[in-house]
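K.L.:
This is the structure I want to talk about, given as structure tokens.
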Amino acid sequence: MKKLALAVSFLLFSLFGILPPLSAQNQLSIVNPQWGLWDWGYPGTIEEAVFTLKPQGLYVEVGLYLTFSWPENPYDINDSLEIVFDFDLPEGAIVNDSWLWVGDEVVKADIWEIWTALQTYSDIVVVVQQDPSVLYKKPEGGYQLRVYPLVTQESRKVKINYLIPAFWTEEEVLASLPIELLSTSKNPVNNFRTLVYADPAWENYRFKELPGLSFQAINDPEYGVCLEAVIPPADWTTSLHLAMDTPPLSNGLFVGRHTGGGNNIYELAFFPQSLPPVEKTTRLMVAVDYKTGKSDLSFSEVLEILKTELKEQLEDDDFFNLTIGNSQTIYTASQNWIPAEDASIDFVFDNFTPSTAGSQKPLINLLQTAGNRIVNNGLEGEMLLVSNTDEYNDPWYANPAMETFMNAFQGSFPVHVCDFQSKNFAEYWENWWENQPSHYGNEIFNSSLATLTDGTYLSLRGSNWDFPAMLDFQLSSYIEGVQMVFDLDADLETGFCYQPYMINYLGQSEYAHLPILQIGRYEGGFPMTVEFFALADGQIVSETITVQESQVVELDTLAQEAWVGNHFQAWDSDNNDPNVISQIVNMSIQERVLSKYTAFIAIDPNLVIEPCYICPFGNQGGAIVEVKEKPEDNARLHAFPNPFTQEVTIELKGLSAGQVRIYNQMGSLVRILEPEPSLLWDGRNSNGEMLPAGLYVVAVIDEDGRAFNMKLIKL
């Protein structure tokens, strides 16, 4: 056994925020930890990507299997390098797992308190230099995965698992694929697969953007029984959405439940049937601000998408106008409102051909020109700013521009902002030495503009949208949507519901034309009664719906993880109460759901790591760890395949076992097997019931009283 000395390295500085953190933009870097402050890294490559999707109630579980490499290594061939993967996930995402491939073994990460995990990872990298990974939330936003080592001409495989709220309509349920993460690869991804683990409650799986692409049933040796869709390489750079038919609704209501594990969870999606229809004439001023190099779309492509969306969303009795800049001037289509007939929309867009993409005029000039057209036509209208520029990244410039706009118009009309900047963000660091939040692009100006004028603000950054989907949602919310004040109560005939959370993903639970999504706990039995009261468009409405037990969809343990994730998000403020933080850490570790106070850490299974939770590290606390290699022993457990889907073979080499026991990740005994040199476990409990996917442990006590155990991963 050897005790690791604390080492001061570039890794420690960057992990603990002494240097400014890396950008929250999606980025894959390969760095050499031994180079310290002088190494900012090089772009890495994703050789292979497999996305798995599993619908479950209000959520879809997404598994990202990524294989990293770096064929263009400018370092010394003997250097051991580090993978640093910075990435964003959509709002409301809940990270619930991390895996690391070490040789032929798959290591399912443990979840620890974040400082202990980061310090342990650093100690292993600096001293042992042997196969750790760590995944955590960055203080300034986004996530970071680190993996060490990456040896020249070799690759490393990982899995990141998270839950994402689905977007519900009465006809279909949508979930976005994080396909934009593939753009972090310096070289094209050689192999990309999408797999779906089907659920009986959802049918007709398809991709929204690729209606001609079909899924085929396969039995994959690694990923098991699933549906596969091979996406053409030409579509890899486009955001994609998995679509499924909405499960049957009872009076506009879907209810799912999970029982077991000490907590009963319910989920519901409710489409109010009693809300008044939206009747209003739309007058929409569209202002377009484009800059070359800030988007993957050309100026002409942006205009074509915008024209198509306006034709789909606006009715003939609506009105619109267009203000746009080219390299010479600011152009407005008309002094008056233009009828939103298809022919008029085509005429306006087809007769504007910018000689040079992008405007040299400041954004405030564009906004003032567009605003004056609204004022001159009686203030009966709203503005949609479609922009990818970032000239007001710094508050030094943003605040005076905002003051100018507000002084001119006094917030007399809403400004809705659709920010489609997707690359080359200007960044503003605010007290980076204190790890304070930073601003990317025009987000500080755009969000303030929407807030101060009672508009809406949407951005591509961190949303997993593409530009057409974001624009479609923003226009439909503005044209069809009426924000409502509502109350939704669920109750049981022989019990009660408690601790509910509303899911506001993509405006759900906010707009009257979108469903209300709720997740909560319950005690007792069905039927369930749901009472709905709302004030929408000046009218008070109410509904009462009863759901019988036969109408409820059964959910698995992911429902519990989804509730825990919402619980953390409700607490996710600058709460310095140590009791609250302690509760979050304990629940995060128990439920294996990532919080901002915890991290997933995977360690070489041939090492024994003993974290020290009370050892001092500077003024911040930390972890001095003891590391020792596992002793050589002819008595070993082996399992294959691992991970497995339906059955796994367990070999007892050199063991004379008295009993073989299988435990779940909560420590509950689920099965006892008769000892044999080679035995088969079919993934069922002692009652013959198929167990859900998750982590299991096979434990063996031999005749000498020695204990052996091994993790099994059931997909």
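The values are calculated or read from the model by the stated rules, or taken from the named source; none is laboratory data. All of these numbers come straight from a predicted model, not from anything done at the bench. Every residue, glycine as well, gets a Cβ built from its backbone with ideal geometry; the counts of neighbours run over all protein chains shown.
K.L.:
Quick one: would you say Tyr290 is in contact (Cβ under 8 Å) with a residue 60 or more places away in the chain, under 30 Å from Glu531 (Cβ atoms) and buried (at least 23 other Cβ atoms within 10 Å of the Cβ)?
P.N.:
Criteria not met by Tyr290.
K.L.:
What number of residues in segment 195-214 are within 11 Å of Glu172 (Cα to Cα) and not in a strand (DSSP E or B)?
P.N.:
2
K.L.:
Does any residue of segment 230-249 turn out to be modelled with pLDDT of 90 or more, under 30 Å from Ser29 (Cα atoms), surrounded by 19 or more Cβ atoms within 10 Å (Cβ to Cβ) and in contact with a strand residue (DSSP E or B) (Cβ under 8 Å, 6 or more places away or on another chain)?
P.N.:
Looking for residues that are modelled with pLDDT of 90 or more, under 30 Å from Ser29 (Cα atoms), surrounded by 19 or more Cβ atoms within 10 Å (Cβ to Cβ) and in contact with a strand residue (DSSP E or B) (Cβ under 8 Å, 6 or more places away or on another chain), one finds at least one in segment 230-249, hence yes.
K.L.:
Would you be able to say whether some residue in segment 246-258 is farther than 30 Å from Glu531 by Cα, outside any helix (DSSP H, G or I) and under 23 Å from the mean Cα position of the chain (by Cα)?
P.N.:
No; the residues of segment 246-258 include none that is farther than 30 Å from Glu531 by Cα, outside any helix (DSSP H, G or I) and under 23 Å from the mean Cα position of the chain (by Cα).
K.L.:
Out of all the residues in segment 182-198, which are out of contact with any Asp or Glu (no Cβ under 9 Å at 6 or more places or on another chain) and either crowded, with 16+ Cβ neighbours inside 10 Å or more than 27 Å from Val84 (Cβ to Cβ) (or both)?
P.N.:
Selection gives Leu182, Ala198.
K.L.:
Return the total of residues in segment 38-54 being part of a strand (DSSP E or B), touching a strand residue (DSSP E or B) at 6+ places or on another chain (Cβ under 6 Å) and either crowded, with 19+ Cβ neighbours inside 10 Å or of a type outside the set (Ser, Thr, Tyr) (or both).
P.N.:
So the count comes out to 10.
K.L.:
If you go through segment 259-278 one residue at a time, do you hit one that is farther than 30 Å from Met528 by Cβ and either part of a loop (DSSP other than H, G, I, E, B) or not small (Gly, Ala, Ser) (or both)?
P.N.:
So far as segment 259-278 goes, no, none of its residues is farther than 30 Å from Met528 by Cβ and either part of a loop (DSSP other than H, G, I, E, B) or not small (Gly, Ala, Ser) (or both).
K.L.:
Go through segment 502-522 residue by residue and tally those that are free of Cβ contacts under 8 Å to residues at least 60 places away in the same chain and in a strand (DSSP E or B).
P.N.:
The number of residues fulfilling the criteria is 2.
K.L.:
Among strands (runs of 3 or more DSSP E) lying entirely in segment 523-631, which contain 1 or more residues that are at pLDDT 80 or above?
P.N.:
Fully inside segment 523-631 and qualifying: 528-536, 539-547, 598-603.
K.L.:
Gly256: farther than 30 Å from Tyr205 by Cα and either modelled with pLDDT of 90 or more or not aliphatic (A, V, I, L, M) (or both), yes or no?
P.N.:
Against the criterion (farther than 30 Å from Tyr205 by Cα and either modelled with pLDDT of 90 or more or not aliphatic (A, V, I, L, M) (or both)), Gly256 does not qualify.
Per-residue answers, yes or no, for (1) within 22 Å of the chain's Cα centre (by Cα); (2) on the phi < 0 side of the Ramachandran plot; (3) in contact (Cβ under 8 Å) with a residue 40 or more places away in the chain:
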site: Pro55; (1), (2), (3): yes, yes, yes
site: Tyr65; (1), (2), (3): yes, yes, yes
site: Phe68; (1), (2), (3): yes, yes, yes
site: Ile83; (1), (2), (3): yes, yes, yes
site: Ser98; (1), (2), (3): yes, yes, yes
site: Val102; (1), (2), (3): no, yes, yes
site: Gln119; (1), (2), (3): no, yes, yes
site: Gln129; (1), (2), (3): no, no, yes
site: Ser133; (1), (2), (3): yes, yes, yes
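K.L.:
Which residues, counting only those in segment 143-194, are touching a helix residue (DSSP H, G or I) at 6+ places or on another chain (Cβ under 6 Å) and either part of a strand (DSSP E or B) or hydroxyl-bearing (Ser, Thr, Tyr) (or both)?
P.N.:
Tyr148, Leu163, Pro165, Phe167
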